[in-house]
1. Residue under question is residue 165, and the condition is that it be within 23 Å of the chain's Cα centre (by Cα) and under 21 Å from residue 55 (Cα atoms); does it hold?
2. Scan the strands (runs of 3 or more DSSP E) fully inside the range 64-122 and keep the ones with 2 or more residues being loosely packed, with under 14 Cβ neighbours inside 10 Å and touching a Phe, Trp or Tyr at 6+ places or on another chain (Cβ under 8 Å).
3. Taking residue 91 as the residue in question, decide whether it is closer than 30 Å to residue 41 by Cα and among the charged types (D, E, K, R).
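No value in this document is a laboratory result; all are computed from the given coordinates. Not measured: the values here are computed from a predicted model. Backbone-built Cβ (ideal geometry, glycine too); neighbour counts: all protein chains shown.
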Amino acid sequence: MRKHICLMSLFVAMGLLSSCDTPTTNTTAKTTTTPSTTTPVVENKTTTFLVSKAFNFGNDIYGQSAPVKIWLAGTFNNWVANDEAFAMTTKADGNFTYTFTAPVGTVLKFKFIIQTVNSPPAGDWWTSMTQAFDATNGPICLSPAVADVSFDADGYGGFNAVYTVK
């Protein structure tokens, strides 16, 4: 390229080539545009679990008694029992509640771990969640609504509750 410019300058100087005949290089950079990507907006919803105080829980070993403490365990905490981050609080009316926020469409599989006055401090897994939502005697779990919950086998002879955040 340098040789060409030197020769061209020589020809211009000798009058063999005018300066307006000199080729020019287009230095305008090509600009490429990329379509803008839109990040989808994720809608979060608050889900409240509400368990009635008006039931006795237990088994043949510990007997039946009212719950003292209830934890949630499920897909949202890798099924960790007694996870204090998912401990339900006792409301003034004696019912148990837990509220958290999750994106709409999130599928939550869960169970309750229930401690009673007669059970060990770690509580017991409620193995068949179908009983917690049984409307025959009035559901024990008041929220989410019975109609919004389904069940699937847990692989241990019981059932998980399944709720999709709406």
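1. no
2. Details: elements: 67-74, 96-103, 107-116.
Result: empty, no element qualifies.
3. Working: closer than 30 Å to residue 41 by Cα: no; among the charged types (D, E, K, R): yes.
For residue 91, the condition - closer than 30 Å to residue 41 by Cα and among the charged types (D, E, K, R) - is not met.
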